[in-house]
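Following: one structure in structure tokens, then a few remarks.
The values are calculated or read from the model by the stated rules, or taken from the named source; none is laboratory data. Here the structure is a predicted model, which means the values were calculated and not measured. Here Cβ is always computed from backbone atoms with ideal geometry, including for glycine, and neighbour counts include all displayed protein chains.
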Amino acid sequence: MKRRVVAALLATMMVVSMCACGTGNSEKDQSLEVTSGIPEYADDKQLEMAAYCGPRGKGYRFWNGEYGTYAKDPEGGWEGWINQEWFQAYMDCGFTYLMPEYDAPYDTQKDFEKSDLYKYMELAESMNIPVLVYSGTLVNLTSSPDPRLTDDQKEMLKKMVDDLSQFKVFKGFTFRDEPSIDMAKSFASVKGYLDSLNPNLHYYTSLLPIYVKDASVLSKEHADNKEEAYLDYVDTFSDAIGNFAYDSYPLISDPVRGETMVDETWFQNLRLVAENAKEKNYDAGITIQACGFGAAGQEEIAWHKRRVDSKADITFQLYTALAYGYKEINYYTFWEHWMASDTEEHYTGMVEYPEKNGEEPVKTPAYYAVQQANQEVKKFDHVILNFNWEGTMPLTAEGKTMSVGLQSAGDYESPRIDSASATDEAIIGCMKDKDGYDGFMIVNATDPAQKLKNKVTVKFKKASKALAYVNGEEQTITLENGECTFELEEGAGVFVIPIQ
């Protein structure tokens, strides 16, 4: 168990003050069953984290200085930045497994031991980092509207599994990214066959977010109702592949108005997937924003997903996801993505690729923001992973109208909370562990770019103390009348376990 500190909470991100009045022993409180004693949690779990995509070699399309055009590195192949230094930089950011981008179809590999993928796996094996393999072959098969596999395709998949299984770090495969609902049957077919070859493989995909413009890619039946369409979409893929992640990039900038904002679907999307995961008993995952992108050449004049440059930008996304019970966090993107088209440009990633900055890749402020945020969360991830999500409670200041985004965050009321208030928008993720202890992820839900402090007061029933994880560090506080107040900086969150 990580070190326990007994103290009043005084921290750089938040302050806890204790308030006293009364004892709170109502008849309703007496009927509430509460687990007694101080819980202890073994440090044997970790939040699974990765980033799309890992260090790149040469031979991929890259920015050549003109919008709408691409160049191809004539050298190609393995030579590049797939090396120990950049693998270590990836791991130092806190990521627990690799998701390489490897576009070559597997059936073109005549000799696996001479392939770039083999060299990639050798390096990962030497550094003991698990890999989910991405292959053009699997992308093609899982993108097909026809779920039937031919004998040749089955033979090729078997060879792929056999070849990769010689590496202990091989854990499974990445399927088609952001699939439409008509691909779900192919997902299920390919997964089913791969399961027959090795039932211990893990599969990854990142689904579309609810803010996708065309609802027909989510559901043909419910295309006229976005939430119903998304529910159909998520339910269909949870049946097809089990646990998964979905993409959602909430941090927005509007330079014309001089405003930043959080996408109003952020909390709605978190809730819908969390509810499906709770119903079907799988671990929900999310791919969050660690880059800026938008209209090519128009970052200063057009609405876009803004650059990520602070730890608060990341902790806001991490802590709100944890407040919905998410257990897998992925990032977009580690190695800055090339331009997708002549209308879209990626402004940053965690690492700017060398063709943009000369001869060598360059770590950006986003790299260090992600690294710091991951280090903080990993101090107590072994604790919160013992808890299962029950629901999320939104808060806003008294007399203030709740934002449209927060209105869709949920309406859960925990029987352990007597009252709660905030000076600005906040959420409380309500959870319970297998022994009956309650846990609460309390988060400043305001746009982190606005740098708004938020004082959140929670009064717990049948609680005289609490374990609170501040900046990731565990501390024990004494409560009076079950009440405590947290002053949360932008992007901040605190995980609290009340104790009788």
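A few notes on this one:
- Just one of (1) crowded, with 19+ Cβ neighbours inside 10 Å; (2) in contact with a Pro (Cβ under 9 Å, 6 or more places away or on another chain) fails for residue 303. It is (1).
- Residue ID - surrounded by the fewest Cβ atoms within 10 Å (Cβ to Cβ), chosen from residues in the range 418-429 that are in contact with a Pro (Cβ under 9 Å, 6 or more places away or on another chain) and touching a residue at least 40 places away in the same chain (Cβ under 8 Å): 428
- Top-ranked residue in the range 144-182 [being crowded, with 20+ Cβ neighbours inside 10 Å and among the aromatic types (Phe, Trp, Tyr); ranked as nearest to residue 125 (Cα to Cα)]: 170
- Some residue of the range 443-452 being in a loop (DSSP other than H, G, I, E, B), more than 25 Å from the chain's Cα centre (by Cα), without any contact (Cβ under 8 Å) to a residue 60 or more places away in the chain and not assigned by TED's automatic domain parsing to the domain that holds residue 313: no
- Residue match in the range 299-318 (condition: at pLDDT 95 or above, among the polar types (S, T, N, Q) and farther than 15 Å from residue 372 by Cα): no
- Sole residue being touching a residue at least 40 places away in the same chain (Cβ under 8 Å) and either among the polar types (S, T, N, Q) or in contact with a strand residue (DSSP E or B) (Cβ under 8 Å, 6 or more places away or on another chain) (or both), chosen from 194, 157, 164, 141: 164
- Within the range 183-226, if we keep just the residues that are charged (D, E, K, R) and surrounded by 15 or more Cβ atoms within 10 Å (Cβ to Cβ), the residue that is farthest from residue 134 (Cα to Cα) turns out to be 226.
- Number of positions in the range 114-129 that are surrounded by 18 or more Cβ atoms within 10 Å (Cβ to Cβ) and in a loop (DSSP other than H, G, I, E, B): 2
- Filtering 212, 190 for residues that are modelled with pLDDT of 95 or more and either more than 17 Å from residue 147 (Cα to Cα) or out of contact with any helix residue (DSSP H, G or I) (no Cβ under 7 Å at 6 or more places or on another chain) (or both) leaves a single hit, 212.
- The range 341-351 - residue that is more than 21 Å from the chain's Cα centre (by Cα) and not small (Gly, Ala, Ser) and, of those, modelled with the lowest pLDDT: 342
- Of the strands (runs of 3 or more DSSP E) lying entirely inside the range 270-387, those containing at least 3 residues that are in contact with a helix residue (DSSP H, G or I) (Cβ under 7 Å, 6 or more places away or on another chain) are 285-289.
- Any hit, the range 235-247, residues being in a strand (DSSP E or B), over 27 Å from residue 148 (Cα atoms) and in contact with a Ser or Thr (Cβ under 9 Å, 6 or more places away or on another chain): yes
- Count of residues meeting criterion [under 25 Å from residue 98 (Cα atoms) and outside any helix (DSSP H, G or I)] in the range 135-150: 1
- Failed condition for residue 409, given (1) touching a helix residue (DSSP H, G or I) at 6+ places or on another chain (Cβ under 9 Å); (2) outside any strand (DSSP E or B); (3) under 22 Å from residue 383 (Cα atoms): (3)
- Every listed requirement among (1) at negative phi; (2) small (Gly, Ala, Ser); (3) in contact (Cβ under 8 Å) with a residue 60 or more places away in the chain is met by residue 297 save one, (1).
- Odd one out for residue 490, checked against (1) over 20 Å from residue 421 (Cβ atoms); (2) outside any strand (DSSP E or B): (1)
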